[in-house]
Amino acid sequence: MLPPYRIKVVEPIAFLSAEQRRMAIASAGYNPFNLRADQITIDLLSDSGTGATSDAQEAVAALGDESYAGARSWFRFRDQVGSLTGYPFILPVHQGRAGERVLFSNLLKPGQICVSNTHFDTTHANVELVGARPVDLPCAEAADLDSSEPFKGNIDLDALEHLLDGPDGGKVGLVLMTITNNGLGAQPVSMANLKATSELCRRHRIPFFLDAARFAENAWLVHEREPAYRDMAPRQIATTAFGYADGCVVSLKKDGLSAVGGFIGLRDEQLHAACEANLIATEGFSTYGGLAGHDLERLAQGLREVVDPWYLQARAASTARMAQLINDAGVDTVQPAGIHALYLNAGRLLPHLSPAQFPGHALGCQLYLDGGIRCAELGSLYLGAMDENHQLVTPAPFELVRLAIPRRVYTDTHLEYVAAILADIAKDPERVSGYRIVSAPPILRHFKVRLEPLT
Ligand SMILES: Cc1ncc(COP(=O)(O)O)c(C=O)c1O
């Protein structure tokens with residue numbers, strides 16, 4: 001499938017020797033977040049803020065109006081976001097987690113519950129920071145990594161209804177649907193599930209919001225997999241999805257096709273006023289929210305480009321092709337392939353490592369050692385419960401590694417290289433050693449943890 005663009009500006013990538021990579025990862029405390037970008041050949045750590053902008057985005061950036069208040073760039077951004085989402089109140093923020101903090105501190109009270117199909121890590125942390133409790137209710141199909149059910153990102157509607165009707169029902173302050181479900185294999189949420197959740201929340205008078213960082217990719221997967229939406233354009237599907245919710249919080253570092261940005265979308269005027277006051281005190285005036293005028297311009301244009309069906313189809317096809325190469329090499333990935341990332345089943349590839357030896361982390365380190373590839377563990381290191389001595393008490397349900405694919409950055413040749421490195425590891429997996437934690441922070445452990453290999 002041909003991408004609908006060609007490359008005009010390129011950026012060199014680094015090729016280190018095996019010895020240089022060994023020294024780099026050791027001095028990074030075996031934590032890929034501590035590596036320098038110029039020590040990496042292929043960077044699949046995140047698809048957030050790592051995409052390439054278009055010539056049209058760079059052209060409109062020159063129109064950036066940097067007025068402190070009421071900038072022309074703000075109105076262009078607001079009109080684009082407003083027409084996409086249908087929400088009357090839009091607040092710009094510098095990135096998604098800033099939106100989470102502003103929204104949750106005005107919407108959730110200490111002791112309340114926030115329910116999600118799966119909270120993203122910063123979302124989880126921001127719910128806890130306001131004294132509320134995050135509860136994940138993914139659908140049962142999500143637990144079968146190999147099943148090709150089309151909408152494994154859905155929320156479990158029966159479990160949600162049970163919670164709302166049960167003794168804790170009165171404590172639920174928010175239902176937040178993450179589209180696509182980044183914490184659970186980039187799986188999409190169906191329109192049927194969004195609509196049913198919306199109706200359930202309305203019946204119980206509970207606000208229903210979207211964490212819509214990948215709204216366009218979710219819309220594409222709906223277009224492909226949900227027959228009733230086959231003839232609808234991705235933008236129209238996305239608008240319909242926003243229509244089911246009372247508001248949204250969006251990181252635009254993904255489907256905004258830009259390095260920075262986000263917004264909160266709201267229907268409720270009072271909530272808007274409360275969030276706006278908080279935004280002005282902590283992010284910036286409500287017509288820029290911590291963003292420069294040129295960022296607002298790039299975002300407004302990026303939001304036009306991201307819903308292009310040709311772009312979405314080419315991106316989905318590229319991810320699916322990479323998944324096929326990896327699966328053919330004997331490495332299982334969460335099925336079916338989503339769009340923004342592939343999730344490797346490290347637990348199955350490295351059965352000689354117990355969860356306490358962090359097989360996902362071990363595979364991630366090996367990808368760096370063998371090929372200069374950076375990626376993120378989504379297993380017991382990230383999600384497991386530990387005691388104060390960093391000993392694993394409760395392992396994560398799965399030991400996964402996420403290969404996130406930046407937008408419009410790598411060609412299929414780069415992705416073939418990654419698959420080839422994985423294929424080599426799969427030929428002799430027993431050479432991959434486990435790891436133990438040397439030090440770790442109390443929250444969001446994976447960002448700052450330091451480890452050492454087990455000899
Ligand atoms: C689903 C989801 N929500 C929220 C965020 C937070 O966004 P940001 O990184 O812009 O703060 C992310 C970031 O990756 C995400 O994937």
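Distances between every pair of Cα atoms in segment 248-394, grouped in 5 Å steps from 0 to the bin holding the largest one, split as 2, 8, 11, 13, 13, 12, 12, 13, 10, 5, 1, 0 percent.
Overall, the accessible surface of the chain at a probe of 1.4 angstrom is composed of carbon and sulfur to the extent of 54 percent.
Pairs spanning more than 29 Å between alpha-carbon atoms, out of Lys8/Lys448; Lys254/Lys448; Lys8/Lys253; Lys254/Lys427; Lys8/Lys254: Lys8/Lys448; Lys254/Lys427.
When Trp310, Trp74 are compared by accessible area at a 1.4 angstrom probe, the order from most to least is Trp310, Trp74.
Legend: residues Ile206, Ile443, sorted from most to least accessible area (1.4 Å probe; ligands, DNA and RNA excluded), read Ile443, Ile206. The smallest convex shape that holds all Cα atoms of the chain, its convex hull, gives 140 Å³ per residue. The residues packed around Gly379, meaning those with a beta-carbon under 11 Å from its beta-carbon, carry a net charge of -1 if Lys and Arg are +1 and Asp and Glu are -1. For segment 1-129, the Cα gyration tensor yields ellipsoid semi-axes of 34, 27, 14 Å (square root of five times each eigenvalue, largest first, whole Å).
Per residue, the average separation of C-alpha pairs within less than 8 Å and at least 6 apart gives the chain a relative contact order of 23 percent. The distance from the alpha carbon centre of segment 248-321 to that of segment 170-202 is 20 Å, rounded to a whole number. If the chain linking Asp38 and Asp165 were pulled fully straight, counting 0.36 nm for each residue of separation and taking away their Cα-Cα distance, it would gain 40.4 nm. Ranked by solvent-accessible area (1.4 Å probe, protein heavy atoms only, all chains present), the residues Tyr87, Tyr5 order from largest to smallest as Tyr5, Tyr87. Helix-only arithmetic for the chain: the sum of -39500 (n - 2.57) across DSSP H runs with n ≥ 4, divided by the residue total, places the mean residue ellipticity at 222 nm at -12000 deg cm²/dmol.
Taking every alpha-carbon pair under 8 Å whose residues sit at least 6 apart, segment 39-176 reaches a relative contact order of 19 percent. Rolling a 1.4 angstrom probe over the protein heavy atoms with all chains in place gives the chain an accessible area of 41 Å² per residue.
The values are calculated or read from the model by the stated rules, or taken from the named source; none is laboratory data. Note that the structure is predicted; figures quoted are calculated from it, not measured. As a convention, Cβ positions derive from the backbone with ideal geometry for all residues, glycine included, and neighbour counts pool all protein chains shown. We work out accessible area using only protein heavy atoms, side chains counted, and drop any ligands, DNA or RNA first. Shrake-Rupley method; radii C 1.70, N 1.55, O 1.52, S 1.80 Å.
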